[in-house]
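S.K.: Following this message is one structure expressed as structure tokens.
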Amino acid sequence: MAFLSIEFLGTAGAIRTPRPGCPCPLCTTARRVGIPWERTGPSLFVHGPNVLIDTPEESALQVDRAGIRQIAAGLYSHWHPDHTAGRRMWETRNWDWRGWPPQHLCTPIYLPPNVARDFEVMLGLAENFRYLEEKGLVKVHIMDRPLELNGWRITAHPLAADYVYAFLFQEMDGHRRVLIAMDELVGWTPPPIFRGVDLAVLPTGVFEFDPFTGERRIPIQHPVLRHEATFRQTLQMVERLEPARVVFTHIEEPDGNSPEALVRLADTLHRERGWEVTFAYDMLQIVL
Ligand SMILES: [Zn+2]
Ligand SMILES: [Zn+2]
């Protein structure tokens, strides 16, 4: 059996916890306690195939904190700043700045086709990666075919919003499958090919309603409800996916859910629906 475990390097969404300068109870406690209250930007590492997915602004800190030595490849789910702003991780990690002759590391980076398209026009991303390529620190590839690493076949699948991709990891000498979607499930209906995966990692979605009282938290006219999947919509996706286990991540500070509330919510979902549910926190490791 091929080995696979997922280490959640960062479990915030676009808004980290604590948010700079925020006096709310969630951020105040996060500053005092750290993990599991504190959440850095969205990224995870898949041990086994040894791939890093996305580089939020704290990426260098996250990779070092996790003690990750070998990175076989870097993957990007989409261009959004919360998933790419820490791309200098490749520079600070791979550059042998003082050695002579220099012995740089050079990591292959795989961009699904529409991600490569967007990198050309958004945030100077393609320009920045060409700079890293010129230094010999990364090699950028278009991910237009499956990637095979340490017994796992990895494929990229566009979601309803076609600028963002989910990654499917399939065991090459077995039947186990892991689906990882980093963000942007809005409007998505999971296709049958993903049904019954052994593990699904999904963004939590925004909490339009209080998950315990049902009270509305986000005004119905708020534009975020047009651009982001809600938690309730995400639960409908889980109903279609029927995964053996689901881990929710990309947890936004403005939703204000404490780690205790999320544990309680996971228990409720388990009791009411029979699901194996975990809300991720930074440095959580899930072994398949
Ligand atoms: Zn995001
Ligand atoms: Zn706050």
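S.K.: Can you run down the residue pairs with Cβ atoms below 9 Å, 6 or more apart or on separate chains, where the first is in the stretch 62-80 and more than 23 Å from residue 112 (Cβ to Cβ) and the partner is at pLDDT 95 or above and part of a helix (DSSP H, G or I)?
M.R.: From the stretch 62-80, the pairs are 64/93.
S.K.: Taking the residues in the stretch 1-53 that are closer than 30 Å to residue 155 by Cα and polar (S, T, N, Q) as candidates, determine which candidate is farthest from ligand 2 (Cβ to nearest atom). Step through it out loud before you land on a result.
M.R.: So the first thing to find is which residues in the stretch 1-53 are closer than 30 Å to residue 155 by Cα, and the list is 1-16, 39-53.
Adding the requirement that they be polar (S, T, N, Q) leaves 5, 11, 40, 43, 50.
Details: 5: 31, 11: 15, 40: 15, 43: 21, 50: 34 Å.
Filtering first and then ranking leaves 50.
S.K.: Identify the residue in the stretch 70-88 that is out of contact with any Asp or Glu (no Cβ under 7 Å at 6 or more places or on another chain) and closer than 14 Å to residue 51 by Cβ and, among all such residues, is nearest to ligand 1 (Cβ to nearest atom).
M.R.: Looking at residues that are out of contact with any Asp or Glu (no Cβ under 7 Å at 6 or more places or on another chain) and closer than 14 Å to residue 51 by Cβ, I get 75.
S.K.: Do you know which residues across the stretch 186-225 are acidic (Asp, Glu) and touching a strand residue (DSSP E or B) at 6+ places or on another chain (Cβ under 7 Å)? Show your work before the answer.
M.R.: Filtering the stretch 186-225 down to residues acidic (Asp, Glu) leaves 198, 208, 210, 215.
Once the filter is applied, which keeps residues that are acidic (Asp, Glu) and touching a strand residue (DSSP E or B) at 6+ places or on another chain (Cβ under 7 Å), the stretch 186-225 yields 198, 208, 215.
S.K.: Then there's this: Starting from the stretch 105-125, keep only residues that are on the phi > 0 side of the Ramachandran plot, then list their pairs with residues that are open to solvent by 60 Å² or more (accessible area, probe 1.4 Å) and not in a strand (DSSP E or B) whose Cβ atoms are within a distance under 8 Å, requiring at least 6 positions of separation or different chains.
M.R.: Filtered contacts from the stretch 105-125: 123/81.
S.K.: Let me ask something else about it. Need pairs with beta-carbon distance below 8 Å; first residue more than 14 Å from residue 260 (Cα to Cα) and within the stretch 18-31, second open to solvent by 60 Å² or more (accessible area, probe 1.4 Å) and more than 9 Å from ligand 2 (Cβ to nearest atom); sequence gap 6+ or separate chains.
M.R.: These pairs meet every condition: 18/31.
S.K.: Looking at the stretch 15-33, is at least one residue closer than 19 Å to residue 72 by Cα and either touching a helix residue (DSSP H, G or I) at 6+ places or on another chain (Cβ under 6 Å) or within 16 Å of ligand 1 (Cβ to nearest atom) (or both)? Walk me through it before giving the result.
M.R.: Filtering the stretch 15-33 for residues closer than 19 Å to residue 72 by Cα gives none.
No, that holds for no residue.
S.K.: Within the set of pairs 6+ apart or on separate chains, which have a first residue in the stretch 164-189 that is buried (at least 22 other Cβ atoms within 10 Å of the Cβ), a second that is modelled with pLDDT under 95 and not in a strand (DSSP E or B), and C-beta atoms under 7 Å apart?
M.R.: Within 7 Å, the pairs are 164/184; 178/288; 184/161.
S.K.: Here is a follow-up. With the requirement that a residue be away from ligand 1 (no atom under 16 Å from the Cβ) and either assigned to a loop (DSSP other than H, G, I, E, B) or within 14 Å of residue 234 (Cα to Cα) (or both), what does the stretch 162-178 give you?
M.R.: Across the stretch 162-178, the qualifying residues are 162, 172, 173, 174, 175, 176.
S.K.: Separate question: What residue, among those in the stretch 10-29 that are closer than 11 Å to residue 281 by Cβ and not β-branched (Val, Ile, Thr), is surrounded by the most Cβ atoms within 10 Å (Cβ to Cβ)?
M.R.: Taking the stretch 10-29 first, the residues closer than 11 Å to residue 281 by Cβ are 10-12, 17.
Now narrow it down to the ones that are not β-branched (Val, Ile, Thr): 10, 12.
Numbers: 10: 30, 12: 24.
So, considering only residues that are closer than 11 Å to residue 281 by Cβ and not β-branched (Val, Ile, Thr), the one surrounded by the most Cβ atoms within 10 Å (Cβ to Cβ) is 10.
S.K.: Tell me the helices (runs of 4 or more DSSP H) entirely within the stretch 189-288 that contain at least 1 residues that are among the aliphatic types (A, V, I, L, M) and over 30 Å from residue 3 (Cα atoms).
M.R.: So the answer is 224-227, 259-273.
S.K.: Let me ask another. For the stretch 252-269, what are the residues that are within 16 Å of ligand 1 (Cβ to nearest atom) and in contact with a strand residue (DSSP E or B) (Cβ under 6 Å, 6 or more places away or on another chain)? Let's see the steps before the verdict.
M.R.: Applying the first criterion (within 16 Å of ligand 1 (Cβ to nearest atom)) to the stretch 252-269 yields 252-255.
Selection gives 253 alone.
S.K.: Can you name every residue in the stretch 32-50 that is in contact (Cβ under 8 Å) with a residue 60 or more places away in the chain, part of a loop (DSSP other than H, G, I, E, B) and within 13 Å of the chain's Cα centre (by Cα)?
M.R.: 40, 42
S.K.: For the stretch 190-205, which positions are open to solvent by 20 Å² or more (accessible area, probe 1.4 Å) and of a type in the set (A, V, I, L, M)?
M.R.: As a first pass, look at the stretch 190-205 and keep what is open to solvent by 20 Å² or more (accessible area, probe 1.4 Å): 191-193, 195-196, 198.
Answer for the stretch 190-205, where residues must be open to solvent by 20 Å² or more (accessible area, probe 1.4 Å) and of a type in the set (A, V, I, L, M): just 193.
Here's the yes/no breakdown for (1) among the polar types (S, T, N, Q); (2) under 20 Å from the mean Cα position of the chain (by Cα):
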site	(1), (2)
96	no, no
103	yes, no
108	no, yes
111	no, yes
115	no, yes
134	no, no
145	no, no
150	yes, no
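The values are calculated or read from the model by the stated rules, or taken from the named source; none is laboratory data. All values derive from a computational prediction rather than experimental measurement. Here the Cβ is made from the backbone with ideal geometry for all residues, glycine too, and neighbour counts use every protein chain on show. Keep in mind that these areas ignore ligands, DNA and RNA; they rest on the heavy atoms of the full protein, side chains included. Shrake-Rupley method; radii C 1.70, N 1.55, O 1.52, S 1.80 Å.
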